[in-house]
Amino acid sequence: MNDNPNAGGMDRVVISLGGSIIIPGDRDGEFLKRFASLLRDLSKDMELFVVCGGGRTARLYINIGRELNAPDHQLDEMGIMTTRLNARLLQLALGDLAEQSVPTTVDEAASQAGRGKVVVMGGTTPGHTTDGVSASLAEAVGATRIVNATSVDAVYSADPKRDSAAKRYERLSFQQLKDLLGDEHGAGASGVFDPMGASIVMRCRIPVLVVAGRDLDEMSKAAKGLTIKGTVIDG
Ligand code: UTP
């Protein structure tokens, strides 16, 4: 018996699209148009699932909510709303190429698979991030790989924007990723991948390719499983 939910089907690829890629406030509409056109091309050869992050909109609401002493799970709920808002924006950019409703659970997103449309979602429940959702979705649909489109161009030992001595990794094992991340979640926290997601990809052995999300050539190569400039996490 084969327990891959996508046995024999077209390759399925999950893209975890950080909110910092969707709405940094830098020609965002233009980027979304170009990204939509890339997804249209890619979807001739693969089935695509995009999980959108909340980015600075999430951070704005979470920071103010924190000033108001709201508990973490309520801050997470606001973060989730912003991820769904971004998912809706991407659906607008994709038009008839995408399902036009934002699934609120991984099961609902998985049930939209196999209809010839790009499935776009945001977060699901408090306590993790959209990287964690991407990993759960990848498991549920039997994805070949996850592309993690972030605001840095690879995984580093420390934040390269703050620490010029940060080491850049071309390749990491799943265990090395887990060791780098630890297991803390805080609303709005931003590591290169989510600790829950890291456990899932390690258990299911789904490779994660970390790329600079605004570099569409990199994104395209990562989605196709070609050589990238970013970090490959596998093995
Ligand atoms: P993300 O952290 O996933 O968005 O969600 P992001 O910052 O744009 O993603 P990256 O880091 O660039 O990839 C924003 C916030 O929403 C809440 C968390 O508080 C998270 O920090 N959230 C999101 C959840 O609680 N559960 C989810 O399933 C998704």
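What the table shows:
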| item | result |
| --- | --- |
| Positions within the range 117-149 being assigned to a loop (DSSP other than H, G, I, E, B) and either within 11 Å of the chain's Cα centre (by Cα) or modelled with pLDDT of 95 or more (or both), in sequence order | K117, G122, G123, T124, T125, P126, T129, G142, A143, T144 |
| Test: residue in the range 90-112 that is closer than 20 Å to K224 by Cα and of a type in the set (S, T, N, Q) | no |
| Criterion (out of contact with any Leu (no Cβ under 7 Å at 6 or more places or on another chain), open to solvent by 60 Å² or more (accessible area, probe 1.4 Å), hydrophobic (A, V, I, L, M, F, W, C) and touching a residue at least 24 places away in the same chain (Cβ under 8 Å)) met by exactly one of L85, L75 | L85 |
| Qualifying residue in the range 90-98 (condition: within 13 Å of the ligand (Cβ to nearest atom), over 17 Å from V210 (Cβ atoms) and not aromatic (F, W, Y)) | yes |
| In the range 103-115, the residues that are open to solvent by less than 10 Å² (accessible area, probe 1.4 Å) and touching a residue at least 60 places away in the same chain (Cβ under 8 Å) | A109 |
| Where a residue in the range 209-235 is within 14 Å of M46 (Cβ to Cβ) and its partner, wherever it lies, is in a loop (DSSP other than H, G, I, E, B), with Cβ under 6 Å and at least six apart | L209/I228; K221/I228; A222/I228 |
| Members of the range 43-62 found to be open to solvent by less than 30 Å² (accessible area, probe 1.4 Å), outside any strand (DSSP E or B) and within 11 Å of the ligand (Cβ to nearest atom), listed by number | G53, G54, G55, A58, I62 |
| Any hit, the range 116-130, residues being free of Cβ contacts under 8 Å to residues at least 40 places away in the same chain and either open to solvent by less than 40 Å² (accessible area, probe 1.4 Å) or on the phi < 0 side of the Ramachandran plot (or both) | yes |
| Conditions (1) within 30 Å of L60 (Cα to Cα); (2) open to solvent by 30 Å² or more (accessible area, probe 1.4 Å); (3) more than 15 Å from the ligand (Cβ to nearest atom); number of the one not met by R40 | (1) |
| Near pairs, Cβ below 7 angstrom, 6+ apart or cross-chain, from the range 16-29 (within 15 Å of A93 (Cβ to Cβ)) to any residue that is charged (D, E, K, R) and more than 7 Å from the ligand (Cβ to nearest atom) | G19/R56; I21/R214; I22/D28; I23/R56 |
| Residue count for the range 1-31, restricted to those that are aliphatic (A, V, I, L, M) and more than 15 Å from the ligand (Cβ to nearest atom) | 4 |
| The lone exception for R34 - which of (1) without any contact (Cβ under 8 Å) to a residue 12 or more places away in the chain; (2) open to solvent by 50 Å² or more (accessible area, probe 1.4 Å) it fails | (1) |
| Among residues of the range 63-72, those that are in a helix (DSSP H, G or I) and open to solvent by 30 Å² or more (accessible area, probe 1.4 Å), counted | 5 |
| V211 being under 30 Å from H73 (Cβ atoms) and either β-branched (V, I, T) or not in a helix (DSSP H, G or I) (or both) | no |
| Filter result for V210 (of a type outside the set (F, W, Y), under 19 Å from Y156 (Cα atoms), open to solvent by less than 50 Å² (accessible area, probe 1.4 Å) and in contact with a Pro (Cβ under 7 Å, 6 or more places away or on another chain)) | no |
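The values are calculated or read from the model by the stated rules, or taken from the named source; none is laboratory data. On a predicted model such as this, the values are computed, not experimentally measured, just so you know. Neighbour counts are summed over all protein chains in view; Cβ atoms, including those assigned to glycine, are modelled from backbone coordinates with ideal geometry. Each accessible area value is taken on the protein alone, full model and side chains, heavy atoms only, with ligands, DNA and RNA left out. Shrake-Rupley method; radii C 1.70, N 1.55, O 1.52, S 1.80 Å.
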